[in-house]
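Data block below; observations after.
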Amino acid sequence: MRAPRRQRPLIRRPGTSPPPGTDLAALAERVHYVGSPEHKDAPTFAGQPAPRADASICDPEFASRLGEMNEWLKAALRDGRVGGPWEGDFPRYAWHREGDDVFEARLVNRGQGAYKGYRLRPEEHPSGL
């Protein structure tokens, strides 16, 4: 049984300070982008496609850009473009701007520092990026 559609907005806290003693540069070396097969319609680095009926499909141009997306994620952490809440050692969110587009990465595995990501609509852009 599928969960009902979200009735409340996601909690995004841009600029949330990391826990005391957190070295963002060191943390950036531990994170990696994994993507999500739930948003694919063809095999990619994220595995075989398993699209959800209520999920948008990723732009196929990103299927061959894993290295670039990893660098975007690492740069976002190094530069402090992150937001809480913090889950274990990692922020739940990180943001990267590429031209007019803003991409949000969301933590999917707090033990491994694994993130998936997606393009935000302009009205969803966090302030201050």
The number of residues in the stretch 26-35 that are within 11 Å of G117 (Cα to Cα) and either at pLDDT below 70 or among the β-branched types (V, I, T) (or both) is 1
Leading residue by the ranking (nearest to G35 (Cα to Cα)) among those in the stretch 104-129 that are modelled with pLDDT under 90 and touching a His at 6+ places or on another chain (Cβ under 9 Å) | K116
For the stretch 69-81, state whether one or more residues are polar (S, T, N, Q), at pLDDT 70 or above and surrounded by 14 or more Cβ atoms within 10 Å (Cβ to Cβ).
-> yes
Pairing a residue in the stretch 106-129 that is surrounded by 13 or more Cβ atoms within 10 Å (Cβ to Cβ) with any residue that is among the acidic types (D, E), where Cβ atoms lie under 7 Å and the two sit 6 or more apart in sequence or on different chains, gives L107/E87; R110/E87; G117/E104; Y118/E104; R119/D101; L120/E104
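The values are calculated or read from the model by the stated rules, or taken from the named source; none is laboratory data. All values derive from a computational prediction rather than experimental measurement. Glycine also receives a Cβ, built like all others from the backbone with ideal geometry; neighbour counts cover every protein chain displayed.
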